[in-house]
2 protein chains.
Amino acid sequence: MKFAIAGATGAVGDEFLAILANRGIDAGQLRLLASARSAGKKIAYRGTELTVAEMTAESFDGIDVAFFSAGGGRSREYAPHAVKSGAVVIDNSSAYRMDPDVPLVVPEVNPDDVFTHKGIIANPNCSTIIMLMAVAPIYRAFGVERIVCSTYQASSGAGRQAMLELEQQSRDLLDGNPITANVLPHQAAFNIFNHNSGIDESGYNEEERKMVNESRKILHDNGLRISATCVRVPVPRAHSESINLTLANAATPDEVRAVLDAAPGVRVVDDRENNYFPMPIDASGKDEMLVGRIRQDMSQPDGRGIELFISGDQLRKGAALNAVQIADVLAKSPIGTS
Amino acid sequence: MKFAIAGATGAVGDEFLAILANRGIDAGQLRLLASARSAGKKIAYRGTELTVAEMTAESFDGIDVAFFSAGGGRSREYAPHAVKSGAVVIDNSSAYRMDPDVPLVVPEVNPDDVFTHKGIIANPNCSTIIMLMAVAPIYRAFGVERIVCSTYQASSGAGRQAMLELEQQSRDLLDGNPITANVLPHQAAFNIFNHNSGIDESGYNEEERKMVNESRKILHDNGLRISATCVRVPVPRAHSESINLTLANAATPDEVRAVLDAAPGVRVVDDRENNYFPMPIDASGKDEMLVGRIRQDMSQPDGRGIELFISGDQLRKGAALNAVQIADVLAKSPIGTS
């Protein structure tokens with residue numbers, strides 16, 4: 001199989017390369033693509049060097065799977081060319097996610113949807129993937145009527161430049177120097193702010209809308225009630241979420257814990273005695289979603305309320321890893337290990 | 001009037017001094033107290049210098065109001081001596097908050113409770129005060145049945161040493177050096193973690209329990225349903241909270257905004273067009289509570305759901321300012337301005 005990575009020089013591109021290298025994908029199976037600005041850049045890969053090529057309509061000849069992570073505009077422009085060339089596109093942008101002809105897939109949740117594709121499969125928003133990794137197993141076991149979620153999102157969700165800006169601002173503030181905010185709209189270091197996506201007339205921002213609409217599509221449940229508040233915190237990597245669930249059928253924390261213990265890709269980190277729960281530093285660079293603070297919501301007297309706190313690497317499971325796992329489903333066996 | 005500050009050398013002690021200086025309280029009206037370790041320390045105050053004395057049973061002779069912010073153990077030990085000396089104690093620790101003989105007061109919410117005191121008045125937990133400043137006006141206008149709150153709490157909530165530890169860890173990580181965590185149990189810099197207070201068998205931590213129990217006491221509503229998730233974020237100062245309300249009677253965001261616009265001590269910061277909402281850097285050092293992201297909860301079809309996001313300085317309104325305002329109520333006019 002031959003793979004293209006469109007957007008190979010970004011933060012998610014890094015993760016694609018790390019995951020594919022780890023799976024033993026040969027350098028000869030890879031084509032790295034980016035904008036003209038990054039073309040010619042060399043990237044080390046498994047003891048050799050790959051040269052980034054400029055993405056054009058012809059870039060996808062001979063490619064089986066094209067991973068796109070270069071923004072919605074580039075996906076809209078080049079994904080159709082990739083499909084025409086015979087590739088299956090797995091798109092990390094939001095361009096096609098809500099397109100009824102495009103499946104939106106978290107492989108642990110709705111793998112079968114992969115096979116309804118017409119050339120393009122969409123990778124959900126990072127906050128959505130991370131939430132559903134914990135919520136979908138509970139949804140299947142007990143039913144979920146309502147989700148109230150507040151996020152603690154890392155800078156790197158806004159890309160590599162945002163991660164560097166957090167670092168630079170932190171240095172400047174510690175040194176007593178003025179800061180500049182070029183990538184993110186507000187001071188990121190030692191501050192928090194509501195997510196930097198557009199607000200509609202309802203008062204929700206686009207990130208929050210994505211969590212609602214994408215979750216409903218992935219779970220095939222348009223009646224699922226969700227409200228989200230998306231907030232950026234000065235963490236370089238890995239998103240966390242505080243999740244309040246109203247179940248359809250009452251369940252105890254132990255029953256929920258058992259379901260999460262058995263869920264693929266999830267690790268329960270819920271050590272009350274040592275006050276040890278999911279933290280972004282523990283989730284960073286890891287494939288597993290961390291879930292903890294599993295407790296009965298004391299504000300719901302009927303036993304249908306469950307509180308959770310989760311952390312997951314939004315560049316891995318929230319982006320590149322999920323896309324590679326979609327390719328695994330397509331290939332009907334883990335790519336690179338056959 | 002003569003005032004004692006018990007715990008004058010701590011982070012909250014600083015704020016007491018700043019607020020009292022700003023109100024024109026004379027150095028001669030102040031007695032600064034601390035543990036033996038800090039006794040003899042000089043503190044600049046309105047062009048002069050005050051010397052910190054060791055707190056003893058005799059420290060409160062001639063004092064009218066004693067502000068305590070030296071931890072629960074010291075309050076339990078010395079507050080009775082202060083009362084015996086004729087002082088009214090306004091205690092910032094958790095020692096007496098749930099004592100049925102001690103009023104627990106946010107002056108904007110339940111000022112009349114001040115006058116039921118028997119020598120001690122308790123200042124609520126910072127996260128509780130900050131939440132109620134926004135929620136109580138809504139509670140009075142429309143009724144509130146249920147609150148789901150996730151916090152984004154600053155390091156300084158754990159004291160001055162925690163604030164310094166955040167700074168030191170940030171420097172160490174940026175310089176590529178190993179970090180040490182002596183004050184807080186986990187890495188504070190570039191990380192978030194669930195609140196460092198003890199977890200009971202229900203899975204809630206003590207900070208979350210305080211928010212529930214104290215809110216019920218202040219609002220005189222033992223049936224109020226509340227669930228909180230308390231999380232520390234790498235912010236030096238000012239707590240933020242994401243609040244989901246279920247109202248008793250439906251209200252539109254505009255109706256809620258009008259109520260908050262009229263609420264004392266609250267400033268609505270809700271600029272959707274410019275994506276400008278409450279941030280800890282804007283709340284730090286300020287007396288006002290910032291409230292924004294006011295929107296109809298899309299997961300509540302009956303119009304009874306309201307979402308809010310708030311930031312407030314937990315050392316000011318969350319601690320010292322609230323205590324001084326309790327003294328204002330006691331004195332029936334703002335102290336230092338008569």
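Tabulated data
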item	result
Ranking by accessible area, most exposed first, for A:His239, A:His117 with a 1.4 Å probe	A:His117, A:His239
Heavy-atom accessible area order for A:Met98, B:Met298, A:Met133, largest first, 1.4 Å probe	A:Met98, B:Met298, A:Met133
Inter-label distance for B:Lys118 and A:Lys286, nm, one decimal - labels placed 7 Å from Cα along Cα-to-Cβ	5.0 nm
Chain B, relative contact order in percent, only Cα pairs under 8 angstrom and at least six apart counted	18 percent
Cα-centre dipole for the range A:128-313 with unit charges at Cβ (Lys and Arg positive, Asp and Glu negative), debye to 20	240 debye
For the A-to-B rotation axis, chain A residue with nearest beta carbon and its distance in angstrom	A:Ser150, 2
Pseudo-label separations to other copies for A:Gly62 - Cα-to-Cβ vector, 7 Å, nm	9.4
Most to least accessible of A:Thr48, B:Thr9 (protein chains only, probe 1.4 Å)	A:Thr48, B:Thr9
For A:331-337, mean number of other protein chain Cβ atoms within 10 Å	0
Teacher prompt: B:Asn222 distances to equivalent labels in other copies, 7 Å Cα→Cβ, nm	4.7
Dipole magnitude of the range B:218-338, debye to nearest 20 (Cβ charges: Lys/Arg +1, Asp/Glu -1, about Cα centre)	380 debye
Relative contact order of the range A:128-313, pairs being alpha-carbon contacts under 8 Å that are 6 or more residues apart, as %	28 percent
Protection proxy ranking of B:226-235, B:51-60 - average other beta-carbon atoms within 10 Å, highest first	B:226-235, B:51-60
Label-point separation, A:Asp101 to A:Thr252 (7 Å along Cα→Cβ), nm	5.2 nm
Residues whose placed amide H lies under 5 Å from that of A:Arg267, excluding near-sequence neighbours	A:Met289, A:Leu290, A:Val291
Inter-label distance for A:Thr180 and B:Asp200, nm, one decimal - labels placed 7 Å from Cα along Cα-to-Cβ	5.3 nm
10 Å Cβ neighbours from other chains, averaged over peptide B:239-246	3
Dipole of the range A:128-313 [Lys/Arg +1, Asp/Glu -1 at C-beta], most positive-end residue of A:Gly203, A:Thr246, A:Ile218	A:Ile218
Cβ-based charge dipole, the protein assembly as shown, positive-most Cα from B:Gly292, A:Gly86, B:Pro280	B:Pro280
Between the range A:61-136 and the range B:123-173, the alpha-carbon center distance in angstrom	39 Å
Spatially proximal aspartates and glutamates relative to A:Lys2 (Cα-Cα < 19 Å; intrachain offsets below 8 disregarded)	A:Asp14, A:Glu15, A:Asp26, A:Glu49, A:Glu54, A:Glu58, A:Asp61, A:Asp64, A:Asp91, A:Asp328
Length-normalised contact order of the range A:85-217 in % [C-alpha pairs under 8 Å, at least 6 apart]	21 percent
In the range B:48-131, trypsin sites (Lys or Arg not before Pro) in a DSSP loop with at most 16 other beta-carbon atoms within 10 Å	B:Lys118
Within 10 Å of each Cβ in A:142-154, the average number of Cβ atoms from other chains	3
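The values are calculated or read from the model by the stated rules, or taken from the named source; none is laboratory data. This one's a predicted model, so the numbers in the text were calculated from it and none came from an experiment. No Cβ is skipped: glycine too gets one built from the backbone with ideal geometry, and neighbour counts run over all protein chains shown. What goes into the accessible areas is simple: the full protein's heavy atoms, side chains included, and nothing from ligands, DNA or RNA. Shrake-Rupley method; radii C 1.70, N 1.55, O 1.52, S 1.80 Å.
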